[in-house]
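Shown next, in structure tokens, is the structure this report addresses.
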Amino acid sequence: ANLTLVEWSNLTPNLWEIGLTSTALVQGTATYTVNANIVMVLDLYISTGSPATDRILLPVSRTDYASYPNKTQQGYPNVYWFNRLTTPTLTFWPVPDGGGPYTLNYYAVRQTQDAEFINGQNVEIPYRHLDAFVAALAWRLSQIYQPGAAGEMMKLSERAWQIASTQDVENIGINIYPILSGYYR
């Protein structure tokens, strides 16, 4: 059961695992420890002022961060590096200055809780994923107990996952409005 949940976590960010975390940033502190169960940061923004004004920060790679010549430069942070260690960290550049207070807010994907079927507890998945979970377990067990049926069980598992995962999305539209007037003067 836990291996199935691990596989699902590796396939896509599951909506039921996303949560918002907030913490205060400290002047002169570039790196902050993140809860060890965080596996991916989706959106990160800093709030400042009253009423609060939010500014989204963009992620950079390890190589990008390494290329910054002055890693102690202070200012309003505008990028972050998420280092996916065993105990993950977030590092900001520029380093938060005294212009705050700054509040860090980020939506992150956490690790799925282990399946513990003690005293009738349920696995931590939404209702719409139950069929996919049962099919995935059946496929994994068939590899051990009915190897001849594993191929068919895998197809059923993949189909059930496809149905469930296509419903695990934010249902919003996208609008693209080209502004071409500046190009044709």
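A few points about this structure:
- With respect to the chain, whose longest principal axis is taken over its alpha-carbon atoms, helix 130-145 is tilted by about 60°.
- For the pair Lys155 and Gln111 in one chain, pulling the backbone fully straight at 0.36 nm per residue adds 13.2 nm over the alpha carbon distance.
- Out of every Cα-Cα pair that segment 1-81 contains, those further apart than 22 angstrom amount to 40 percent.
- Degrees between helix 150-167 axis and first principal axis of the chain (Cα, 0 to 90, nearest 10): 40 degrees
- On segment 64-185, 54 percent of the accessible area sits on carbon and sulfur atoms, based on a 1.4 Å probe.
- Spatial separation of Cα centroids for segment 92-149 and segment 3-27, in angstrom: 8 Å
- Whole-Hz couplings from phi, Karplus 6.51/-1.76/1.60, listed for segment 123-128; x for Gly and Pro: 6, 7, 9, x, 3, 5
- Unit charges at the beta carbon, dipole of segment 86-149: most positive-side option, Asn105, Phe133, Thr87: Phe133
- Order by protection proxy (mean Cβ within 10 Å, highest first), peptides 149-157, 21-29: 149-157, 21-29
- Note on segment 85-185: percent of Cα-Cα distances in each 10 Å bin, starting at 0 and stopping at the bin with the largest distance, equals 10, 21, 22, 21, 15, 8, 3, 0.
- Residues listed by number, segment 82-107, amide nitrogen under 15 Å from Thr53 label point at 7 Å toward C-beta: 99-103
- Longest segment of the chain lacking chymotrypsin sites (Phe, Trp or Tyr not before Pro) that sit in a DSSP loop with at most 11 other Cβ atoms within 10 Å: 1-116
- The equivalent ellipsoid of segment 71-126 has semi-axes of 38, 13, 8 Å, largest first, where each one is the square root of 5 times an eigenvalue of the Cα gyration tensor.
- Calculated FRET value between Gln167 and Leu141, using beta carbons and R₀ = 30 Å, to 0.05: 0.75
- Principal-axis tilt of helix 2-11 within the chain, Cα atoms, nearest 10 degrees: 50 degrees
- Efficiency of FRET between Asn78 and Ile18 - r from beta-carbon atoms, R0 22 angstrom, step 0.05: 0.40
- Label corresponding to Rg and Dmax of the Cα atoms in Å when calculated from the structure given, among (i) 15.6, 47; (ii) 21.9, 72; (iii) 16.2, 60: (ii)
- Probe 1.4 Å, protein heavy atoms only - accessible area per residue of segment 39-168 in square angstrom: 61 Å²
The values are calculated or read from the model by the stated rules, or taken from the named source; none is laboratory data. Being a predicted model, the structure only gives us computed values, none of them experimental. Neighbour counts are summed over all protein chains in view; Cβ atoms, including those assigned to glycine, are modelled from backbone coordinates with ideal geometry. Surface areas here come from the heavy atoms of the whole protein model, side chains and all, with no ligands, DNA or RNA. Shrake-Rupley method; radii C 1.70, N 1.55, O 1.52, S 1.80 Å.
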